[in-house]
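Before any comments, here is the structure.
The values are calculated or read from the model by the stated rules, or taken from the named source; none is laboratory data. Because the structure is predicted, anything quoted here is derived from the model rather than measured. All Cβ positions, even for glycine, are placed from backbone atoms using ideal geometry, and neighbour counts span all protein chains on display.
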Amino acid sequence: MNIELLKQHINSYIKNMKSNPNEFQADFEERKQMIDYYQSWSANKIRKMSEEDVYEYISQLWAMLIWGNKQYVVDKILNDNGLRNYRTMLADLVWGKDDIANRWVKFRKNIKGMGPAMISEILCKSHPKEYMLWNRRAYVGLNYLGVENLPRYDYQLSGKVYKHLCEVCKEIAEEMKNTGLKDTTLLSVDYFIWSELQVEDNLSQIYSKKEKTVEEIEKEQPEAVEFIHDDIRDKIRDIGQWLGFASSIEKKVSEGSKVDTVWEATIGNMGRVIYVFEVQTKGSIDSLIINLLKSLNNPAVQGVVAVSDKEQIKKIKRHAADVKDLKDKLRVWDYQEIQKVHESLEFVNSSINNLELVPESFG
């Protein structure tokens, strides 16, 4: 990390603080209120959460700004995970005694529908001296400071990586403290990153590097592959929802065919239309082909999409070329493109939702 560059921006931050004391005091009060709220949820209190409590707890997160209908998101989380399981896993994540790297991995493996931005925000607001808040803006800021080997995608953010990033942000907090700043929690570091380190050149460079195949990722970071499948599956669901489809994961669409993601729509007098997505990270391509074929037994299925990296997509196309009932309906989608589409739509939805044109209760 470039400490001299960091110090320059801390000095700039202090200068702005002196010029706008009311604004920075309001930010301080806002942080205090958020910390007080999330720290009020003890482990026992979390384990007794009602569905309404879960909604209140999750809906206040910044990571939820991308959703106009927050109730939809909360309902999906509870339907996919079960209230009891969700409460147990959340209490262990926030208040468990195991190392945070292990708690992070355990939660991500057992809870669907919550990514690193949401998880890290809960941790940061519950334990602001220990845990940092990770999102695209944090990536931009830390990358600008020269922090190496940052995760560009959700599946790269393992428990070990998150723990390391917390230590990096503690270094920033220490530098802030050395200048005389009083509020130097990792939540205040997040405010500093948003205020000072959002450099336009960095924003445009996030996707400039050559993308890697799943096989290459597995060689470098074996634990990451565990999360690629589920992250991409969930992002396809989000994209479908933002585009106006009824979108769900792990759904049975015909006998013997349970698929990763489904988009559904009712179109005029055509009735129900279904699009099926299967994510292939590793394993048998023949099994993928068979599952997609089985899904076509449902007459509402109008198209099937195989999602993988560039190399596996080539293999999938070759396998499907001689399958008469599949080749005309099969489409392919590079999972790296899904990452970019998701991020773009996430920005669009967050921006539009900030206008508050439609009351949430209307959705």
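Annotation note: of Glu148, Glu211, the sole residue that is part of a loop (DSSP other than H, G, I, E, B), surrounded by fewer than 20 Cβ atoms within 10 Å (Cβ to Cβ), charged (D, E, K, R) and modelled with pLDDT under 85 is Glu211. Being under 30 Å from Leu145 (Cα atoms) and within 21 Å of the chain's Cα centre (by Cα) holds for only one residue in Leu65, Leu6, and it is Leu65. From the list Val140, Val94, Val105, Val74, the one residue that fits, being in contact with a His (Cβ under 9 Å, 6 or more places away or on another chain) and assigned by TED's automatic domain parsing to the domain that holds Leu165, is Val94. Of the helices (runs of 4 or more DSSP H) contained entirely in the range 1-94, those carrying at least 1 residues that are at pLDDT below 95 fall at 3-19, 21-39, 51-59, 70-81.
Could you please let me know if Asp322 is outside the structural domain of Tyr72 (by TED's automatic domain parsing), part of a helix (DSSP H, G or I) and either of a type in the set (Asp, Glu) or in contact (Cβ under 8 Å) with a residue 60 or more places away in the chain (or both)? Judged against the criteria, Asp322 is not a match. Residue-level analysis places Asn291 among those that are surrounded by 13 or more Cβ atoms within 10 Å (Cβ to Cβ) and either part of a loop (DSSP other than H, G, I, E, B) or at pLDDT 80 or above (or both).
Within the range 231-245, residues that are over 14 Å from Asn349 (Cα atoms) have Cβ atoms under 7 Å from residues that are part of a helix (DSSP H, G or I) and aromatic (Phe, Trp, Tyr) in these pairs: Asp231/Tyr155; Ile232/Tyr335, counting only partners at least 6 apart in sequence or on another chain.
Might you check whether a residue that is part of a helix (DSSP H, G or I), at pLDDT 85 or above, over 27 Å from the mean Cα position of the chain (by Cα) and among the β-branched types (Val, Ile, Thr) occurs anywhere in the range 302-318? Within the range 302-318, one or more residues are part of a helix (DSSP H, G or I), at pLDDT 85 or above, over 27 Å from the mean Cα position of the chain (by Cα) and among the β-branched types (Val, Ile, Thr). Scanning the range 1-56 for residues that are in contact (Cβ under 8 Å) with a residue 60 or more places away in the chain and within 30 Å of Gly113 (Cα to Cα) returns Asp27, Arg31, Met34, Ile35, Tyr37, Tyr38, Gln39, Trp41. Can you say whether Tyr139 is farther than 20 Å from Ile46 by Cα, crowded, with 17+ Cβ neighbours inside 10 Å, at pLDDT below 95 and within 15 Å of the chain's Cα centre (by Cα), as far as the supplied structure shows? So Tyr139 fits the description; yes. Within the option set Ile206, Ile193, Ile239, being at pLDDT 90 or above, among the aliphatic types (A, V, I, L, M), in contact with a helix residue (DSSP H, G or I) (Cβ under 8 Å, 6 or more places away or on another chain) and not assigned by TED's automatic domain parsing to the domain that holds Val276 holds for one residue only, Ile193. Checked against the criterion of being in contact with a helix residue (DSSP H, G or I) (Cβ under 9 Å, 6 or more places away or on another chain) and not β-branched (Val, Ile, Thr), the candidates Lys32, Lys45, Lys15 yield just one match: Lys45.
One residue stands out among those in the range 267-286 that are farther than 21 Å from Asp234 by Cα and not hydrophobic (A, V, I, L, M, F, W, C): the one that is farthest from the chain's Cα centre (by Cα), which is Asn269. Of all the listed residues (Val341, Val348, Val323), the sole one being more than 25 Å from Gly68 (Cβ to Cβ) and either at pLDDT 90 or above or β-branched (Val, Ile, Thr) (or both) is Val323. Checking each residue in the range 104-116 for being in a helix (DSSP H, G or I) and either on the phi > 0 side of the Ramachandran plot or surrounded by 22 or more Cβ atoms within 10 Å (Cβ to Cβ) (or both) picks out Trp104, Arg108, Pro116. Within the range 164-198, the residues that satisfy the criterion of being surrounded by 15 or more Cβ atoms within 10 Å (Cβ to Cβ) and in a loop (DSSP other than H, G, I, E, B) are Leu181, Asp183, Thr184, Thr185, Leu197.
Examine the range 102-115 for a residue that is more than 17 Å from Lys160 (Cα to Cα), modelled with pLDDT under 95 and small (Gly, Ala, Ser), and state whether such a residue exists. Yes - at least one qualifying residue is present in the range 102-115. When we screen Lys282, Lys327, Lys315, Lys294 for residues that are touching a helix residue (DSSP H, G or I) at 6+ places or on another chain (Cβ under 8 Å) and in contact (Cβ under 8 Å) with a residue 40 or more places away in the chain, the only hit is Lys282.
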